[in-house]
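Just below is one structure, and these are the notes that go with it.
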Amino acid sequence: MVQAHGGHDDEGMTQDVDLGVVAMLGGDQWAGAEPLELVRLVRTVEDLGFDSLWANDSLFGPRLEALTFLAAAASVTERITLGTAALLPALRRPVQTAQALASLDLVSQGRLTIGVGAGYPGVSEREYALSQVPWQRRFDRLDDTVALWRQMWAPEGPDEFHGATISFEGLPDCIVPTTPGGPPVWLAGDTPKARIRAGARYDGWLPYPPTPERYQAGLDDVLAAARGTGRAKSAVTPGLFVTVLISAAPDCGREALDRFTKATYGFPLHIMEQIQTFATGSAEQVATTLAGYVGAGARHLVCRIAALTLGDYHDQLKLLQQVREAIA
């Protein structure tokens, strides 16, 4: 946990900022390595002092399934938060997923945070079709699914659920998670409507806007929605999803980052950086970029390392540790 000075609505105060990393789960990224090396890398993440470890979610890859990986990570860690960034609930049956997430929170002793999203046009539409879930009304379906989970996680909740898109009767008893009421659920989304939903219904907000100014404007909307529904500002954790590459190259690593965005999205960096948050350059330059978002109000930085191999990922972890120290 690093210390941030100043910050959104808190001038002159010192606030804690958590910094975590996204795991490398793509099969082509760790090709040739033993899968257990990933588990050992989890220990490295905790030993280096990071605050959290996150798994992303997709049907395409091949890749390790997010919740399976986090269960393995829970067995070899003691301190760090384990999270999804972001889980696509539509890819799984909602009742079974409530049980799986409660179980994961239980075996991790309350260290689970669930970032969720509704997906994106294009790739996610194919994932919905493979999961036999309608693409239409996907945002309502996401909100309904999270409401169902919370109902099942509550002690002695009703045995039926009726939402706008899903309904169930005869719900089974759910295993009781360690976290009272269930693990926190963050919304990954940055449309105007997503900001309102994050503030009104979710425990955290996990966007990736391209500038700190955009982040602060979005956070203002989130907090206004929270106040409008009678929630305290502290009820919503301001997160940030950021892609990081630390490099001493003259071009600040932009060529390597361009290879990463093309491999990941099929688009070059100059297009993706108009949409997403990127931080590249020396450790000091990356720290400066991240500090801009902390000044805009971000309090949990989820760093996706732009590495294409397990060896590069390990090297970047050690460099990112320097960034933590620089922010502190």
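The values are calculated or read from the model by the stated rules, or taken from the named source; none is laboratory data. Remember, predicted model here, so these are calculated numbers, not experimental data. All Cβ positions, glycine included, derive from the backbone under ideal geometry; neighbour counts span all protein chains shown. Remember, those area values only see protein heavy atoms, side chains included, never the ligands or the DNA or RNA. Shrake-Rupley method; radii C 1.70, N 1.55, O 1.52, S 1.80 Å.
The table below lists the values:
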| item | result |
| --- | --- |
| Selection within the range 47-60 - surrounded by fewer than 16 Cβ atoms within 10 Å (Cβ to Cβ) and either farther than 24 Å from V123 by Cα or touching a strand residue (DSSP E or B) at 6+ places or on another chain (Cβ under 6 Å) (or both) | D47, L48, G49 |
| Selected residue (criterion: most open to solvent (accessible area, probe 1.4 Å)) from residues of the range 29-45 that are in contact with a strand residue (DSSP E or B) (Cβ under 9 Å, 6 or more places away or on another chain) and within 18 Å of E65 (Cβ to Cβ) | Q29 |
| From R150, R201, residue being within 23 Å of L240 (Cα to Cα) and not β-branched (V, I, T) | R201 |
| Selection status of A129, small (G, A, S), surrounded by 15 or more Cβ atoms within 10 Å (Cβ to Cβ) and either in contact (Cβ under 8 Å) with a residue 60 or more places away in the chain or in a helix (DSSP H, G or I) (or both) | no |
| Filter result (farther than 17 Å from K318 by Cα, open to solvent by 80 Å² or more (accessible area, probe 1.4 Å) and in a loop (DSSP other than H, G, I, E, B)) within the range 248-295 | P250, F267, Q274, I275 |
| In the range 61-75, the residues that are touching a Lys or Arg at 6+ places or on another chain (Cβ under 8 Å) and modelled with pLDDT under 95 | none |
| Identity of the residue in the range 166-197, of a type in the set (S, T, Y) and under 25 Å from the mean Cα position of the chain (by Cα), that ends up farthest from G228 (Cα to Cα) | T178 |
| Of residues in the range 61-72 being part of a helix (DSSP H, G or I) and more than 16 Å from E34 (Cβ to Cβ), the one most open to solvent (accessible area, probe 1.4 Å) | T68 |
